[in-house]
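Enquirer: Provided herewith is a single structure, encoded as structure tokens, for subsequent inquiry.
Please treat every number below as a calculation from the coordinates, not as lab data. This is a predicted model, so every value here is computed, not measured. When we count neighbours, we look across all protein chains shown, and the Cβ atoms used for this are built from the backbone with ideal geometry, even at glycine.
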Number of protein chains: 2
Amino acid sequence: MTGQVRTVDGRVAGRRGQATRQKLLDCLSEMLSSSPYRDVKVIDVARKAGTSPATFYQYFPDVEGAVLEIADQMAAEGAGLTELLQGRSWVGKSAWQTSQELVDGFLEFWRKHDAILRVVDLGAAEGDKRFYKLRMKILNSVNNSLADAVAELQAKGKVDKDVNPAAVAGALVAMLAAVASHQKGFQSWGVKQAELKPNLALLVHLGVTGKKPTK
Amino acid sequence: MTGQVRTVDGRVAGRRGQATRQKLLDCLSEMLSSSPYRDVKVIDVARKAGTSPATFYQYFPDVEGAVLEIADQMAAEGAGLTELLQGRSWVGKSAWQTSQELVDGFLEFWRKHDAILRVVDLGAAEGDKRFYKLRMKILNSVNNSLADAVAELQAKGKVDKDVNPAAVAGALVAMLAAVASHQKGFQSWGVKQAELKPNLALLVHLGVTGKKPTK
DNA sequence: CACTTGTCCTGTCATGCCGTCAGCTTACCG
DNA sequence: CGGTAAGCTGACGGCATGACAGGACAAGTG
């Protein structure tokens, strides 16, 4: 699946090369967590990795290219989010638990990768295809599962016909992502994180089933 | 309220000065719509405005500073979003209409200012206080009105006690903002914009009232 | 052990943007 | 008309970018 790792000028990277390449990615990742995207410079990343800017350019066309790489690695991990919904029930009490666990897992994932996800979000919003395809890849697992759940309830007549499962699922996922990105905003707004989660779970439950949860 | 407009080195700006200042802001705004935030350079903005980089630095400390200025002007306009909710009813049929109009108005506002709002969102997510205070200022009108609506229904016993109005309102607003930013994502996902709106309105209605709308 | 081969890294360079300052031009006012 | 403050810019040192050629290094070969 993953073709050989190659340098910009076409050589195949060996053990040592892949190591420095990865180190550069790690340092870039760290850099993104501590300073604004706009101010992340190749030279800083290189210095942090104990190497030179020229080395960076051997492995990546630019900062954006490297970010895409990191995001791609993360997307693989993001596929694991499916487990939050695989085989879960959306009926009765267990639906409430499913909602809670989804919110929990999703927020945790986003918090863990917030720095890189910010950049992906920006790129996607700016209309860069590479970024929004990546964003879809990351969110697909959750999105599809949610849409399936809605569609299934709809087939059983428990959800109105005129609901569009994909639209509702997408909106809910977008909500979770946005809230995760701006948790600090909520805090300075008088909403504690502990209070936030159940309310998000409530909205998810309402969105999927159309009913209030039975707790 | 608004103190005199001043240059970076303390002079007060006259008519001509304010004009070039505004021209720089307009050009920056345009620039942000057409190229990624990371690639917007002072020199390009200056060139587009038919002036020199030095002039830019006379009025703004850096690109970020100028963006804050633009966003501030927009925040004033954002206060007008309150009208989407002022004096509206959240009972019966009119609740459904209120939801629809809120979604419509909000998406329109976001679409109109998407370039600058992307940057504000990024700044806020990165934890920059100036940006997330600004973001709150923009969203406050809608957010407060929504929270009030929920609190009111709660007081009447129509919404569960354990719902946190501020949390629900914040999450719904975040959802609308996120969906507006990533509409293209939805399209390439098989959801048309026309289908999207009613589903968003549905989620808003569910979130505020806890019930399905009566149409 | 020399020799070869291909990977890996860096010194160096031209280019271009950043951010500042001194100094010039323009407008206003008595 | 002269004084004063606003308004603008050329020019400059400093730094990041991105490309290249060449040197260091590891591994295999005879």
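Enquirer: Going through the cross-link list B:Lys133/B:Lys184; A:Lys133/B:Lys211; B:Lys112/B:Lys133; A:Lys133/B:Lys212, which pairs have a Cα-Cα distance over 31 Å in this structure?
Expert: On the way: B:Lys133/B:Lys184 27 Å; A:Lys133/B:Lys211 35 Å; B:Lys112/B:Lys133 21 Å; A:Lys133/B:Lys212 33 Å.
Correct reply: A:Lys133/B:Lys211; A:Lys133/B:Lys212.
Enquirer: How large is the charge dipole for chain A, taken about the Cα centre, if only the Cβ atoms of Lys, Arg (+1) and Asp, Glu (-1) carry charge, to the nearest 20 debye?
Expert: So the dipole magnitude of chain A works out to roughly 260 debye.
Enquirer: Can you give the FRET efficiency to the nearest 0.05 for B:Arg11 and A:Ser34, using r as the Cβ-Cβ distance and R₀ = 30 Å?
Expert: After rounding, the FRET efficiency stands at 0.25.
Enquirer: Further, regarding this structure: What are the membrane-span-like helices in chain B by this rule: whole DSSP H runs, Cα extent along the axis at least 15 Å, mean Kyte-Doolittle hydropathy at least 0.5?
Expert: Both cut-offs are met by B:114-125, B:165-181, B:193-209.
Enquirer: Report the net charge of residues surrounding B:Val12, where surrounding means a beta-carbon distance below 15 angstrom and charges are Lys +1, Arg +1, Asp -1, Glu -1.
Expert: Residues close to B:Val12 contribute a combined charge of +4.
Enquirer: Let me ask something else about it. Using a Förster radius of 41 Å, what is the FRET efficiency between B:Ala155 and A:Lys156 based on their Cβ-Cβ separation? Nearest 0.05, please.
Expert: Computed FRET efficiency for B:Ala155 and A:Lys156: 0.70.
Enquirer: Same structure, new question: Inside 10 Å of the C-beta atoms of A:207-214, what's the mean count of C-beta atoms belonging to other chains?
Expert: Rounded to a whole number, the mean comes out at 3.
Enquirer: Please average, across the residues of B:116-125, the number of beta carbons from any other chain that are within 10 Å of each residue's own beta carbon, and give a whole number. If you can, show how the numbers build up before the last one.
Expert: Working: counts 0, 1, 5, 4, 0, 7, 9, 3, 5, 15.
Average per residue, whole number: 5.
Enquirer: Take peptide B:138-147, look around each residue's Cβ out to 10 angstrom, count Cβ atoms belonging to other protein chains, and average those counts. Before the final figure, lay out the partial values.
Expert: Working: counts 0, 3, 1, 0, 0, 1, 0, 0, 0, 3.
Whole-number average of other-chain Cβ neighbours for B:138-147 is 1.
Enquirer: Here's another thing I want to ask about it. Distance from the Cα centre of segment A:29-73 to that of segment B:77-99, in angstrom?
Expert: If we compute the Cα centre of each part, the gap is 46 Å.
Enquirer: Further question on the same structure: Under the rule of -39500 (n - 2.57) per DSSP H run of 4 or more residues, summed and divided by the residues of the protein assembly as shown, what mean residue ellipticity at 222 nm is obtained, to the nearest 500 deg cm²/dmol?
Expert: The per-residue figure over the protein assembly as shown is -22500 deg cm²/dmol.
Enquirer: What is the magnitude of the charge dipole of the protein assembly as shown about its Cα centre, with +1 placed on the Cβ of each Lys and Arg, -1 on the Cβ of each Asp and Glu, and no other charges, expressed in debye to the nearest 20?
Expert: For the protein assembly as shown, the charge dipole is close to 220 debye.
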